[in-house]
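**Q** Below is one structure. I have some questions about it.
The values are calculated or read from the model by the stated rules, or taken from the named source; none is laboratory data. If you're wondering where the values come from, they're calculated on a predicted model, not measured in any experiment. Here the Cβ positions follow ideal geometry from the backbone for every residue, glycine too, while neighbour counts run over all protein chains shown.
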């Protein structure tokens, strides 16, 4: 009786024990499944048999910044290389809002209707503040993503120049080994990534819109010189007449540029990704280019030059990664950062100290 009086009102009494909400057996199976990673040989075999899940896992592996994954990633790429180089690589760029995703979906669906197998490697911009990326291309291409003959892989641009994903070139090899005969690479469209994309594709397509002050931008030399064709999108409704006028202006602008090494004369056409009007015309232009480029051997020469270029780029990338991940450099880099900020040492002298220390 005394104990009952002295007991606090906040005390708890033993209640009914809740049953386990998760089966221990199921949890154990899930843990074992997660721990089990396919070997490089298993990934290669699955990719070459057309397994999209294995393809996605392999791309995730090669995109990893973990240095422990590098050896396995290189093994997978090397194993897939003999089955690659059998596709058409198309780069598509344009300013944000030009309708790249809508166009790619309409274009991709048209290609799959022709019996093509289409892989879309979409590069999403990463935030310079949070380093995050939306990766919403699958959501915007809801029809194409359900197509059995299509594969869509969004990747964050990270800190690579102009928003081109660091491992896009290797992803192309894996997609080709998986049986995709048409590879589409969508750039961020910020004006800097085009050079990198141009160095990994066979055909470079520039999307434009009319009536938005875009005509003058289109006359700038850099992007226009790289484009193999200019497609004026959103040529529908009240915008048809504006699109036709823009087509005439771009045709005039193209005559100001020197002839291409391939001998190809860039074309200008209009289309509507919404109504699908003009989509087949775009494919006909690409087909005509491929026929000409393969006939005069430019196609093969360009592929060889691109492979050499990406060998050198990979060396640069690996040197950069190894430098910043070196255990002796990490603390030394931080101390030199502070010294530079406090004007104790110049940025150039600090860089020289770090490099000399790295190469010791």
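**Q** Looking at (1) within 22 Å of the chain's Cα centre (by Cα); (2) surrounded by 11 or more Cβ atoms within 10 Å (Cβ to Cβ); (3) free of Cβ contacts under 8 Å to residues at least 24 places away in the same chain, which is the only condition residue 315 fails?
**A** If we test residue 315 against (1) within 22 Å of the chain's Cα centre (by Cα); (2) surrounded by 11 or more Cβ atoms within 10 Å (Cβ to Cβ); (3) free of Cβ contacts under 8 Å to residues at least 24 places away in the same chain, just (2) comes out false.
**Q** Continuing with the same structure: How many of the residues making up the stretch 331-346 are over 20 Å from residue 321 (Cα atoms) and under 36 Å from the mean Cα position of the chain (by Cα)? Break it down stepwise before answering.
**A** Going through the stretch 331-346, the residues over 20 Å from residue 321 (Cα atoms) turn out to be 338-346.
From the residues that got through so far, the ones that are under 36 Å from the mean Cα position of the chain (by Cα) too are 338, 340-341.
Here the count works out to 3.
**Q** Here is a follow-up. Residue 76: surrounded by fewer than 16 Cβ atoms within 10 Å (Cβ to Cβ), more than 17 Å from residue 151 (Cα to Cα), touching a residue at least 12 places away in the same chain (Cβ under 8 Å) and out of contact with any strand residue (DSSP E or B) (no Cβ under 8 Å at 6 or more places or on another chain), yes or no?
**A** Details: surrounded by fewer than 16 Cβ atoms within 10 Å (Cβ to Cβ): no; more than 17 Å from residue 151 (Cα to Cα): yes; touching a residue at least 12 places away in the same chain (Cβ under 8 Å): yes; out of contact with any strand residue (DSSP E or B) (no Cβ under 8 Å at 6 or more places or on another chain): yes.
Spelling it out, it is not the case that residue 76 is surrounded by fewer than 16 Cβ atoms within 10 Å (Cβ to Cβ), more than 17 Å from residue 151 (Cα to Cα), touching a residue at least 12 places away in the same chain (Cβ under 8 Å) and out of contact with any strand residue (DSSP E or B) (no Cβ under 8 Å at 6 or more places or on another chain).
**Q** What single numbered condition from (1) over 16 Å from residue 53 (Cα atoms); (2) at pLDDT 85 or above; (3) in a helix (DSSP H, G or I) fails to hold for residue 139?
**A** Of (1) over 16 Å from residue 53 (Cα atoms); (2) at pLDDT 85 or above; (3) in a helix (DSSP H, G or I), only one is false for residue 139: (2).
**Q** With (1) in contact with a helix residue (DSSP H, G or I) (Cβ under 9 Å, 6 or more places away or on another chain); (2) surrounded by 15 or more Cβ atoms within 10 Å (Cβ to Cβ) as the list, and residue 286 as the residue in question, which single condition is left unmet?
**A** Exception for residue 286: condition (1).
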